[in-house]
1. Could you tell me the relative contact order of the chain? Use alpha-carbon pairs under 8 Å, at least six residues apart, and round to a whole percent.
2. Alpha carbon centre of the stretch 73-111 versus the stretch 112-150: separation in Å?
3. Between helix 30-65 and the chain, what is the angle of the helix's C-alpha long axis to the longest principal axis, kept within 0 to 90° and rounded to the nearest 10?
4. Tell me the Rg and the Dmax, in Å, that the Cα atoms of the chain produce.
5. Which links in Lys125/Lys189; Lys200/Lys233; Lys203/Lys244 stretch past 28 Å when you go from one Cα to the other?
6. When the chain is fully extended, how far beyond the present Cα-Cα distance does Asp265 get from Asn197, taking 0.36 nm per residue of separation?
7. Magnitude of the Cβ-charge dipole of the chain, K/R +1 and D/E -1, about the Cα centre, nearest 20 debye?
8. Give the percent of DSSP beta bridges with both residues in the chain that are antiparallel, rounded to the nearest 5.
Amino acid sequence: MKIEKLYEKEIEDILNYEDFLDILRNNPSEEFLKDLHGKYEYRSQEEALRTLQVELIKLQDHLEKHNEKMIILIEGRDASGKGGAIRRITRYMNEKHYRVVALGKPSDVEKNQWYFQRYIQHFPKGGEIVLFDRSWYNRSMVEPVFGFCTEEQYETFMKTVPRFEEDLIDHGIHFLKIYFSVSKEEQSKRFEEREENPLKQWKLSEIDLQMQERWDEFTRKKYRMLKETNTQKSPWTIIRSDDKFIARINAIKTILNKVDYEGRDSRIDFRVDSKIVISAEKELEIMTQTAKNRGKSN
């Protein structure tokens with residue numbers, strides 16, 4: 001059997017184990033081996049997450065037992081890996097005690113409400129975790145860059161959001177803000193994959209197509225967001241996400257380290273990778289230096 005025929009086979013005619021071994025023994029193509037290794041790597045990575053995913057269930061049990069609430073904001077530019085990370089975080093969680101909230105365009109009624117109101121109605125009840133796949137921080141980056149809010153609305157948000165979040169924490173909510181930081185080059189590769197892969201084309205929007213062109217605008221808004229909304233009580237955690245697997249591991253560890261839950265497995269190394277997970281202060285330093293270096297080279 002020629003190797004190229006493998007990809008033409010119908011579902012009901014998938015190779016059995018003996019035929020599969022026969023192909024491997026008879027000089028398989030480089031393309032086939034790369035594809036096979038990719039599937040092996042994916043499966044291995046998913047298995048490697050299991051130990052930490054068990055700990056997430058323990059975290060859920062702890063919150064339920066003590067009737068505590070947790071809110072996790074997952075932010076980042078488009079194609080930064082937010083959705084994939086959320087799926088790994090929640091994959092084995094008890095569905096009764098978590099929700100993922102990804103709000104779309106506000107209705108006419110919501111546009112006339114207090115800005116935070118449509119988010120508050122999705123807040124967790126006792127014993128529940130709510131993950132926001134994008135959150136009220138749309139108003140700090142996406143909305144002002146694309147003109148979806150006025151300058152006054154943007155300034156009001158930037159001024160009031162720290163008080164809003166600190167009030168949540170004062171009321172006993174475990175509150176965590178994670179920002180997935182993807183490089184411009186990696187974002188471009190992921191957009192290209194979305195264009196070429198029919199299983200991912202639905203992810204590509206008109207806004208996505210402008211993200212690369214508006215990279216610098218988003219960078220300026222990101223800088224101000226981190227500078228003004230990173231507080232001692234409500235800090236940002238930045239996670240480098242060019243490597244999706246490493247980002248997911250460190251995101252889960254960041255969540256687990258937020259709560260001193262019962263039954264934590266002492267055999268697990270819960271330390272995050274300091275090259276992948278950094279503070280907002282460190283990110284601001286890097287962004288400032290990058291801007292200076294760019295200015296010198298122009």
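1. For the chain, the relative contact order is 22 percent.
2. 11
3. The two axes meet at around 40 degrees.
4. In order Rg, Dmax, the Cα atoms of the chain give 22.0, 68 Å.
5. Lys125/Lys189; Lys200/Lys233
6. My answer for the length gained is 20.5 nm.
7. Its charge dipole is roughly 980 debye.
8. The antiparallel fraction comes to roughly 10 percent.
Each reported figure results from applying straightforward, stated rules to the coordinates on display, with no laboratory input. Note that the coordinates shown come from a computational prediction; the quantities given were computed from them, not determined experimentally. So basically every Cβ, Gly included, is an ideal-geometry build from the backbone, and we count neighbours across all protein chains shown.
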